[in-house]
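Notes follow the structure.
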Amino acid sequence: MNSGVNGARLTDVEPVGRDLPDGDQVTIHLTEGDALYQTAQYAQAARAYQAALASDQHNWHAITGYNRSIRRYVPRWHFEMMHDQERAERYEKAITEVVSPDTLVLDVGTGSGVLALMSARAGAGQVVACEAQPLVAEVAERIVEQAGYGRTVRVVPKMSTDIQVPIDLPRRADVLVTETFDCGLLGEGILATIAHAREYLLTDDAVIVPGRAKVFAQLVESTALHRKNHVGELYGFDLSEFNRLSSLEYFDSRLSRHEHRNLSAPFEVFDFDFYRDGPTGRRVELTVTPSATGVCHAIVFWFELELVPGITVTNSPEHPTTHWKQAIQGLGEPIPLRAGMPLTLGIRHDGLHIHFDIAGNRQDRDGDGDDHAQH
């Protein structure tokens, strides 16, 4: 097996031009890589560029093509996540509490394989780590082998929803461990992923790490955040028409890096039980009383994971060291608020995204059921 840039292995590369002179092979692989990149097939493009590098390791076209493809295929946050020491230590502490030599662990979205390795180091008898991105799965497999846990940890290059018992998983797992969460908690499909695992991949008494999650939010005044998604008059021109292209979807950012003023205390929005909840949407209404007078430009929200009882991980603005940033939803129109004057928030999730709407600015009122609470 050949190695290319960064030592990743070459597999699934078509033997195009295998019997041609090296120069012709390189040209063919470069052409193939360029075509694949242009159609957003970044993993296949990376393999094609690697194939070119196998014949000409100093080819600059292949080097830049490979690295450009990998940058698209493997987001840089993987590295930041691996350096999140507090998160890692808390996950390992939780894992150590729930595994034994008889335990079969399923690690969903293993990435580098670190949670699978922690499970093995904690004494789990078997660990199956699934990873949907083949290139990432290959690297995880190499990391596992180099760590000396190749007999305990098996990396399966599949989505968890494609895992089959007993083909990929020898039996139903006793423990599920995962960190497939975006800054807004639900964006990577965790509710559907865990619901599928409960039905097809886990024992009836399996432990899920994390077992619960809460979502909290806060009303914020910040022209800096507002400018990230809106524009008005600039340089003597009215550019507000460009706001047609702004989005009410949340984006990730660190609140502490933007000048802002909190207009309310944090309030709880949702409480998810991963042992029971599925991806079915939900809508709630909350009455929130601002603690300060000002103009609300955005709603900032974050989560708290309960890995096991007593061990939590959060991306709260008060914990700036976590690699997860906060989720920030800008408002279409800033809303003046007065301290002590309650307002109503409509909040919904569709299994993938959480959306906030302030009464009077509400887009629609349909939902899968309304609950009302005061904060």
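The values are calculated or read from the model by the stated rules, or taken from the named source; none is laboratory data. Remember, it's a predicted structure, so these values are computed and weren't measured experimentally. Here the Cβ is made from the backbone with ideal geometry for all residues, glycine too, and neighbour counts use every protein chain on show.
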Inset, instruction - Go through the stretch 143-169 and count every residue that is outside any loop (DSSP other than H, G, I, E, B) and hydrophobic (A, V, I, L, M, F, W, C). - result: 6
Inset, instruction - Considering only residues that are over 19 Å from Thr287 (Cα atoms) and among the small types (Gly, Ala, Ser), look in the stretch 298-329 and name the one that is surrounded by the most Cβ atoms within 10 Å (Cβ to Cβ). - result: Ala327
Inset, instruction - Those residues that are in a helix (DSSP H, G or I) and of a type in the set (D, E, K, R), I need them from the stretch 56-97; list them, please. - result: Arg68, Arg71, Arg72, Glu80, Glu86, Arg87, Glu89, Arg90, Glu92, Lys93, Glu97
Inset, instruction - Determine if the stretch 303-322 includes at least one residue that is among the acidic types (Asp, Glu) and at pLDDT 95 or above. - result: yes
Inset, instruction - Return the total of residues in the stretch 57-74 being of a type in the set (D, E, K, R) and at pLDDT 95 or above. - result: 1
Inset, instruction - Have a look at Ser246, Ser222 and point out the one that is modelled with pLDDT under 95, more than 26 Å from Thr180 (Cβ to Cβ) and among the hydroxyl-bearing types (Ser, Thr, Tyr). - result: Ser246
Inset, instruction - Working carefully through the options Val139, Val127, find the one that is assigned to a strand (DSSP E or B) and either crowded, with 16+ Cβ neighbours inside 10 Å or not assigned by TED's automatic domain parsing to the domain that holds Arg276 (or both). - result: Val127
Inset, instruction - Output the qualifying pairs, or none if there are none: Cβ atoms under 6 angstrom, residues six or more apart or on different chains, first residue in the stretch 35-63 and assigned by TED's automatic domain parsing to the domain that holds Val139 and surrounded by fewer than 17 Cβ atoms within 10 Å (Cβ to Cβ), second residue charged (D, E, K, R) and in a helix (DSSP H, G or I). - result: none
Inset, instruction - State yes or no: is Ile194 part of a strand (DSSP E or B), farther than 29 Å from Thr293 by Cα and either without any contact (Cβ under 8 Å) to a residue 60 or more places away in the chain or out of contact with any helix residue (DSSP H, G or I) (no Cβ under 6 Å at 6 or more places or on another chain) (or both)? - result: no
Legend entry - Set His319, His355: member being out of contact with any Cys (no Cβ under 8 Å at 6 or more places or on another chain) and in a loop (DSSP other than H, G, I, E, B): His319
Legend entry - Which listed residue is crowded, with 17+ Cβ neighbours inside 10 Å, closer than 24 Å to Val313 by Cβ and more than 17 Å from the chain's Cα centre (by Cα), from Ala213, Ala147, Ala197: Ala197
Inset, instruction - Read through the list (1) surrounded by fewer than 19 Cβ atoms within 10 Å (Cβ to Cβ); (2) modelled with pLDDT of 95 or more; (3) of a type in the set (D, E, K, R), then give the number of the only condition that Asp107 fails. - result: (1)
Inset, instruction - Scan the stretch 69-104 residue by residue and report those that are under 29 Å from Arg171 (Cα atoms), surrounded by fewer than 16 Cβ atoms within 10 Å (Cβ to Cβ) and either touching a strand residue (DSSP E or B) at 6+ places or on another chain (Cβ under 7 Å) or among the charged types (D, E, K, R) (or both). - result: Glu89, Lys93, Glu97, Asp102
Inset, instruction - Within the stretch 153-179, work out how many residues are out of contact with any strand residue (DSSP E or B) (no Cβ under 6 Å at 6 or more places or on another chain) and of a type outside the set (Lys, Arg). - result: 10
